[in-house]
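The values are calculated or read from the model by the stated rules, or taken from the named source; none is laboratory data. Bear in mind that the values here come from a model prediction, so they are computed numbers and not experimental data. Here the Cβ positions follow ideal geometry from the backbone for every residue, glycine too, while neighbour counts run over all protein chains shown. Quick note on the areas: whole protein, heavy atoms, side chains included, nothing else; ligands and nucleic acids left out. Shrake-Rupley method; radii C 1.70, N 1.55, O 1.52, S 1.80 Å.
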Amino acid sequence: MSAGPPPFSFAGGAARVVFAFIALLCANQAVLAVNFPGLTGRIVDQANIIPAETRSAIEPKLADLEAKSGIQLVVASVSSLGGEEIEPYANELFRTWKLGENTKNNGVLLLVAPNERKVRIEVGYGLEGTLTDALSTVIITNAIAPRFKAGDFGGGVSRGVDDIITVLTTDASEWQQRPSLRLDDHQTTDPLTWLLIAGLIALVTLLIVSPGFRWFFLNVVLNVLLNSGRGGFSSGRLPGGGGFSGGGGSSGGGGASGRW
Amino acid sequence: MPNVISRTCFALTIIGLSLALPSCGYNTIPTLQEQAKARWSDVQNQYQRRADLIPNLVSTVQGYAAQEKNVLTAVVEARAKATQVKIDASDLTDPDKLKQFQDAQNQLSGALGRLLAVSENYPDLKSNQNFLALQSQLEGTENRIAVARRDYIDAVRAFNTALRTFPTVIWAKTAFSGEKPMAEFTATTGAETPPQVKF
């Protein structure tokens, strides 16, 4: 007994359409993203202006900030803005790196473009009420730009980071209005989800097709259920030796820029 | 065994159909439309935020440069006009309404630019703490407006594209035949860079 017309031709045609669509989606990446440096750590010094002592002084502070509050503060320097203004560049870079937690959007990017002599503090949606535009301007004008003007990039970055951390960690909740967090509403399906879907398809197919598998599956399930008393899952972060990646946050253009 | 093969085919077809139906775009069009509407309300929020900064700015400038009546009045009037033009989500398919909104906001941008330029002539005003804070807030808001507009344009493009590309075009012509493409902002020269404020 046959189960009707062979579905292979249908499956082939639909698969081709799906692949074409996926390819089209992938082709729509922002052009800027091609030139961005990778998020190799909390300090991304593409322009090579930050001296080693400053790096080793700042890095633990940035890690400490994230450990205590979840805020991802990243310092970056780029060799060229590629003709862009620093505002859209910083925003695109922030979004590419996805700084800050997904649900809280608490990332901050301190971007230095020595070639164009511009600096910007880009603030995630969730921190706009704490690290306001006015405060960012004050930090750039007083701490960062004068030192950059004198050629002291290490000092400027170091002092800027200290000031930013001070603003972020000082509890001023009594007199500051909490901003409305803009929660991104599009779902991102990561590879893990696709893997799970594929696994589920395989499982259901096998269950329908083979009675032998059904028997095997039931046995396995019963065993797992009976033995689930001992050895629970260990949840939590995987121990990443130096691994650092963005938490999925986004920014809406808050912060301030300056030049020297 | 032919039985296994045919049953596998059958199983895969059922599963494939049940996966393909939602992913073939029935949900896509309403989802993209709602996203575009949400991005539009972000844009409006940022414009409103700018409008809210203006009374404070005007009164601060008036304290030092009261004789610049023309410029100050122009800003106040432009602001009033800009806050009057309202667009809700249903107007987004009408490019004329969007242009009206955009023109009103551009007029306000122009008036603001003139006000800031005039403020350059008053050193006392320029060193006033309140004025400095307002300037940076204004700059920040202009930047946020630019970002919100870009996000809106991206969302509208995604929606308009879904209305026309396969396979969602099938749903567009049938279930969603009433949906029209949404209007985008028309690019104006100089609108991309926020007004530069020099200290």
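Some observations on this one:
- Relative contact order computed over segment B:37-105 (Cα-Cα under 8 Å; 6+ residues apart), in percent: 31 percent
- Shape of segment A:92-172, Cα gyration tensor, a/c cut at 1.5: oblate
- Between B:GLN129 and B:ILE5, full extension at 0.36 nm per residue minus the direct alpha carbon distance yields a gain of 36.8 nm.
- Dipole magnitude (debye, nearest 20) for segment A:63-102, charges at Cβ of Lys, Arg, Asp, Glu: 140 debye
- The mean sequence separation of alpha-carbon pairs under 8 Å and at least six residues apart, normalised by the residue count of segment B:30-148, gives a relative contact order of 40 percent.
- More than 20 Å apart - percent of Cα-Cα pairs taken over chain B: 64 percent
- Simple rule: put +1 on each Lys or Arg Cβ and -1 on each Asp or Glu Cβ in segment A:61-109, find the dipole, and look at A:LEU65, A:ASN91, A:VAL108; the Cα lying farthest toward the positive end is A:LEU65.
- Bridging of A:LYS68 to lysines at a Cα separation below 22 Å is possible for A:LYS98, A:LYS104, once same-chain residues fewer than 8 apart are set aside.
- With R₀ fixed at 41 Å, the C-beta to C-beta distance from B:VAL85 to A:THR193 puts the FRET efficiency at about 0.45.
- Label sites at B:ARG49 and B:LYS69, each approximated as a point 7 angstrom past Cα along Cα to Cβ, lie 3.5 nm apart.
- Chain B, dipole about Cα centre (Lys/Arg Cβ +1, Asp/Glu Cβ -1), debye to the nearest 20: 360 debye
- Contact order for segment A:73-115, expressed relative to its length and based on alpha carbon pairs under 8 Å spaced 6+ residues apart, stands at 63 percent.
- Estimated FRET transfer efficiency when R0 is 22 angstrom, pair A:GLU59-A:ASN142 (beta carbons, to 0.05): 0.40
- Using a 1.4 Å probe over protein heavy atoms, the accessible area lost on pairing B with A, summed over both chains, comes to approximately 2700 Å².
- Per-residue SASA entry for A:GLU66, accessible area with 1.4 Å probe, Å² rounded to 10: 40 Å²
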